[in-house]
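First the structure, in the form of structure tokens, and then the observations on it.
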Amino acid sequence: MTEPLIAARHLTFAAGRLTILNDVSLAIHPREIVTLIGPNGSGKTTLLKALLGLVRVKGEISRRPGLKVGYVPQQFTPDPSLPMTANRFLDLFAERNAGRAALARVGITEAGDRQLSALSGGEIARVLLARAVAGKPDLLVLDEPLAGVDVSGEAALYHLIAELRDELGCGILLVSHDLHVVMSKADHVICLNHHICCEGEAHDVARDPAFVALFGTRGELALYPHHHDHAHTLGGEPLA
Amino acid sequence: MIIDDFLWRAGLGAGLLAAACGPIGCFILWRRMAYVGESVAHMGLLGAALGLLIGVNALVGTTALAIAAALIMARAADRTIPAGTFVGIIGHMGLALGFIVLSLMETVRTDLLGYLFGDVLALSNSDLIAITAVGIAVLGATALIWKPLLRSAAGGPIAAAEGRASSLAQTGFLILTAVLVAFGLKVVGALLIVALLIIPPAAARPLAKTPEAMALWAAILGAVSAPLGLAASLTFDAPAGPCIVLAAGGLFALSMAYSVIAKR
């Protein structure tokens with residue numbers, strides 16, 4: 001196997017007496033899509049911050065030297081008091097042509113000249129995605145990128161993310177609080193609840209007929225059937 | 001009509017200061033940091049009091065304490081007390097302590113209102129020179145750090161997550177805010193200086209489609225507020241600093257009315 005883009009070993013983090021992360025290890029390789037799922041308060045955000053170097057945790061994190069990260073934040077829009085077009089927003093972070101090309105790639109060229117404050121949730125999600133891929137990242141980190149996107153838009157956006165992986169050859173870390181919806185294209189699914197509850201390859205993801213009815217026959221989205229072999233206390237401690 | 005020297009100085013000084021406040025004030029708006037400016041201004045009063053107490057220039061004390069307060073507040077983060085509350089606590093402690101120190105000094109008791117609401121008509125020639133120099137320096141420095149500041153204002157958590165946050169621009173922004181607050185103390189006072197930082201940019205918002213246009217409009221509207229306010233102060237024999245702030249508020253109302261009409 002190739003050298004991982006980023007690898008974390010035995011990450012542990014406590015806030016006061018509360019254990020947020022308990023011995024979490026994971027690695028993301030080039031062209032690999034890793035999906036991190038877990039309920040609210042399961043430590044996803046802390047793990048993400050640790051991987052991005054924003055929070056110091058116990059354990060070891062190794063990044064490939066010169067690793068270029070593209071980050072898509074969770075439901076973020078600049079303050080409406082900031083007058084700015086989508087094109088200008090992209091220009092702040094990437095070279096002009098790269099920004100325009102990325103906007104075209106995510107399919108919203110026409111939104112380029114519009115003010116950010118006038119864009120819909122789905123359009124904002126695509127602008128943020130375009131901004132992240134315009135810099136040709138090695139690792140694309142998406143923190144709940146579908147918050148604010150409607151159900152029909154979700155499937156299209158997941159599809160787009162998988163295509164971008166193929167085009168850029170980058171690794172992808174996708175974070176979702178939704179325990180059930182996971183992209184079938186994900187190579188590896190990690191279920192987090194302070195510790196790694198379960199993880200597995202997503203090749204065997206079941207195709208739930210109800211989901212196919214909802215999202216169409218593309219099969220980009222599917223139920224990931226995973227059975228918990230243990231329960232948790234309210235404090236998050238696993239019960240035997 | 002003959003315009004007295006002190007009016008020229010007041011108009012020029014207040015206009016220049018308000019113009020320099022415009023672009024920095026835009027960032028305060030975009031990043032929702034009005035409360036930081038407010039608390040820095042309150043600490044500025046303590047700085048002025050301490051400056052007078054130990055016999056250095058009040059302006060030196062104000063500038064030093066305002067910068068220190070801004071830098072400390074920016075790093076203040078606690079899990080249980082919201083940052084805004086923490087900053088507010090520090091600021092109001094400064095205001096209270098500053099007031100006490102000023103009251104204990106018999107000789108400056110008459111100046112108390114001046115520190116709270118400004119004394120722009122008392123600007124001396126050297127004050128005017130200092131404000132001019134500071135105004136130009138602040139505008140120049142703002143232009144220098146414009147791009148990284150704009151990137152962080154527009155990108156929120158993105159720059160830090162991708163490992164390219166510019167702490168130099170952040171610190172610069174806070175120092176510039178503190179300097180404007182310190183020099184604004186003489187013009188509109190500790191209680192009103194934040195008005196010059198947030199009202200002209202807010203009035204500029206409906207007129208602008210780019211960040212640069214908004215900064216330019218904010219500078220222009222701030223500069224225009226000064227002579228308008230002074231004229232009102234003269235006409236109604238009202239205090240000058242508050243009149244300048246009200247003039248800025250009037251321009252804000254006009255701009256809002258314009259945006260409502262333009263949308264129809």
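Residues A:Ala156, A:Ala162: which one is touching an Asp or Glu at 6+ places or on another chain (Cβ under 9 Å), closer than 17 Å to A:Val34 by Cβ, among the hydrophobic types (A, V, I, L, M, F, W, C) and modelled with pLDDT under 90? Working first, answer last.
Values: A:Ala156 fails: closer than 17 Å to A:Val34 by Cβ.
Among A:Ala156, A:Ala162, only A:Ala162 is touching an Asp or Glu at 6+ places or on another chain (Cβ under 9 Å), closer than 17 Å to A:Val34 by Cβ, among the hydrophobic types (A, V, I, L, M, F, W, C) and modelled with pLDDT under 90.
Working only within segment B:119-144, note down all residues that are charged (D, E, K, R) and open to solvent by 60 Å² or more (accessible area, probe 1.4 Å). Break it down stepwise before answering.
Our first condition is that a residue be charged (D, E, K, R); within segment B:119-144, this holds for B:119, B:127.
Passing the criteria: only B:Asp119.
Among the listed residues B:Ala262, B:Ala231, B:Ala203, B:Ala247, identify the single one that is at negative phi, open to solvent by 40 Å² or more (accessible area, probe 1.4 Å) and out of contact with any Pro (no Cβ under 8 Å at 6 or more places or on another chain). Step through it out loud before you land on a result.
Values: B:Ala262 fails: out of contact with any Pro (no Cβ under 8 Å at 6 or more places or on another chain); B:Ala203 fails: open to solvent by 40 Å² or more (accessible area, probe 1.4 Å); B:Ala247 fails: open to solvent by 40 Å² or more (accessible area, probe 1.4 Å).
Just one listed residue meets the conditions, B:Ala231.
Here is a check on your reading of the model: is B:Ser103 of a type outside the set (Val, Ile, Thr), touching a Ser or Thr at 6+ places or on another chain (Cβ under 9 Å) and either within 14 Å of another protein chain (Cβ to nearest Cβ) or surrounded by fewer than 16 Cβ atoms within 10 Å (Cβ to Cβ) (or both)? Step through it out loud before you land on a result.
Working: of a type outside the set (Val, Ile, Thr): yes; touching a Ser or Thr at 6+ places or on another chain (Cβ under 9 Å): no; either within 14 Å of another protein chain (Cβ to nearest Cβ) or surrounded by fewer than 16 Cβ atoms within 10 Å (Cβ to Cβ) (or both): yes.
In short, no.
Which residues, taken from segment A:42-65, are out of contact with any His (no Cβ under 8 Å at 6 or more places or on another chain) and touching a residue at least 60 places away in the same chain (Cβ under 8 Å)?
A:Thr45, A:Leu47, A:Leu48, A:Leu51, A:Leu52, A:Arg64 - these are the residues of segment A:42-65 that are out of contact with any His (no Cβ under 8 Å at 6 or more places or on another chain) and touching a residue at least 60 places away in the same chain (Cβ under 8 Å).
Test A:His195 against the criterion of being touching a Leu at 6+ places or on another chain (Cβ under 9 Å), at pLDDT below 70 and of a type outside the set (Val, Ile, Thr), and give yes or no. Break it down stepwise before answering.
Details: touching a Leu at 6+ places or on another chain (Cβ under 9 Å): yes; at pLDDT below 70: no; of a type outside the set (Val, Ile, Thr): yes.
No; evaluated as a whole, the condition is false for this residue.
Mind checking which pairs have a first residue in segment A:75-96 that is facing another protein chain (nearest Cβ under 7 Å) and without any contact (Cβ under 8 Å) to a residue 24 or more places away in the chain and a second that is outside any loop (DSSP other than H, G, I, E, B) and of a type in the set (A, V, I, L, M), Cβ under 7 Å, 6 or more apart or different chains?
Filtered contacts from segment A:75-96: A:Ser81/B:Leu29; A:Leu92/B:Leu150; A:Leu92/B:Ala154.
Being of a type in the set (Asp, Glu), more than 10 Å from chain B (Cβ to nearest Cβ) and free of Cβ contacts under 8 Å to residues at least 12 places away in the same chain narrows it down to one of A:Glu123, A:Glu163, A:Glu154, A:Glu144, so name that one.
Details: A:Glu123 fails: free of Cβ contacts under 8 Å to residues at least 12 places away in the same chain; A:Glu154 fails: free of Cβ contacts under 8 Å to residues at least 12 places away in the same chain; A:Glu144 fails: free of Cβ contacts under 8 Å to residues at least 12 places away in the same chain.
Only one candidate qualifies: A:Glu163.
Return the only residue of A:Lys58, A:Lys44, A:Lys68 being among the charged types (D, E, K, R), more than 13 Å from every other protein chain (Cβ to nearest Cβ) and surrounded by fewer than 17 Cβ atoms within 10 Å (Cβ to Cβ). Write out each step before concluding.
Values: A:Lys44 fails: surrounded by fewer than 17 Cβ atoms within 10 Å (Cβ to Cβ); A:Lys68 fails: more than 13 Å from every other protein chain (Cβ to nearest Cβ).
The conditions single out A:Lys58.
Of the residues that make up segment B:114-137, is at least one touching a residue at least 24 places away in the same chain (Cβ under 8 Å) and within 14 Å of chain A (Cβ to nearest Cβ)?
no
If you scan segment A:106-163, which residues turn out to be β-branched (Val, Ile, Thr), surrounded by 22 or more Cβ atoms within 10 Å (Cβ to Cβ) and more than 30 Å from B:Ala208 (Cα to Cα)?
A:Val141, A:Ile161
Among all residue pairs at least 6 apart or on different chains, which show Cβ distances below 7 Å where the first residue, located in segment B:237-254, is touching a residue at least 60 places away in the same chain (Cβ under 8 Å) and the second is among the hydroxyl-bearing types (Ser, Thr, Tyr) and open to solvent by 70 Å² or more (accessible area, probe 1.4 Å)?
So the pair list comes out empty.
What number of residues within segment A:71-83 satisfy the criterion of being touching a Ser or Thr at 6+ places or on another chain (Cβ under 7 Å) and open to solvent by less than 70 Å² (accessible area, probe 1.4 Å)?
Taking segment A:71-83 and keeping what is touching a Ser or Thr at 6+ places or on another chain (Cβ under 7 Å), we get A:80, A:83.
From the residues that got through so far, the ones that are open to solvent by less than 70 Å² (accessible area, probe 1.4 Å) too are A:83.
Here the count works out to 1.
Checking B:Cys21 against (1) farther than 27 Å from B:Ala238 by Cβ; (2) under 15 Å from the mean Cα position of the chain (by Cα); (3) at pLDDT 90 or above: exactly one of these is not met. Which one?
(1)
Can you tell me which residue is farthest from the other protein chains (Cβ to nearest Cβ) among those in segment B:145-165 that are open to solvent by 30 Å² or more (accessible area, probe 1.4 Å) and more than 20 Å from A:Leu51 (Cα to Cα)? Walk me through how you get there before you give the answer.
Within segment B:145-165, the subset open to solvent by 30 Å² or more (accessible area, probe 1.4 Å) is B:145-148, B:151, B:156-157, B:160, B:162-165.
From the residues that got through so far, the ones that are more than 20 Å from A:Leu51 (Cα to Cα) too are B:145-148, B:151.
Working: B:Ile145: 14, B:Trp146: 11, B:Lys147: 7, B:Pro148: 9, B:Arg151: 5 Å.
Per the stated criteria, the residue is B:Ile145.
Please count how many residues of segment B:168-203 are within 14 Å of chain A (Cβ to nearest Cβ) and either under 27 Å from B:Ala58 (Cα atoms) or in contact with a Leu (Cβ under 6 Å, 6 or more places away or on another chain) (or both).
Step one: of segment B:168-203, the residues within 14 Å of chain A (Cβ to nearest Cβ) are B:169, B:197-203.
Within this subset, residues satisfying the condition of being either under 27 Å from B:Ala58 (Cα atoms) or in contact with a Leu (Cβ under 6 Å, 6 or more places away or on another chain) (or both) are B:169, B:197-201, B:203.
Looking only at that region, the number is 7.
The values are calculated or read from the model by the stated rules, or taken from the named source; none is laboratory data. A quick note: this is a predicted structure, and the numbers were derived from the prediction, not measured. All Cβ positions, even for glycine, are placed from backbone atoms using ideal geometry, and neighbour counts span all protein chains on display. With ligands, DNA and RNA removed, areas are computed over all heavy atoms of the protein, side chains included. Shrake-Rupley method; radii C 1.70, N 1.55, O 1.52, S 1.80 Å.
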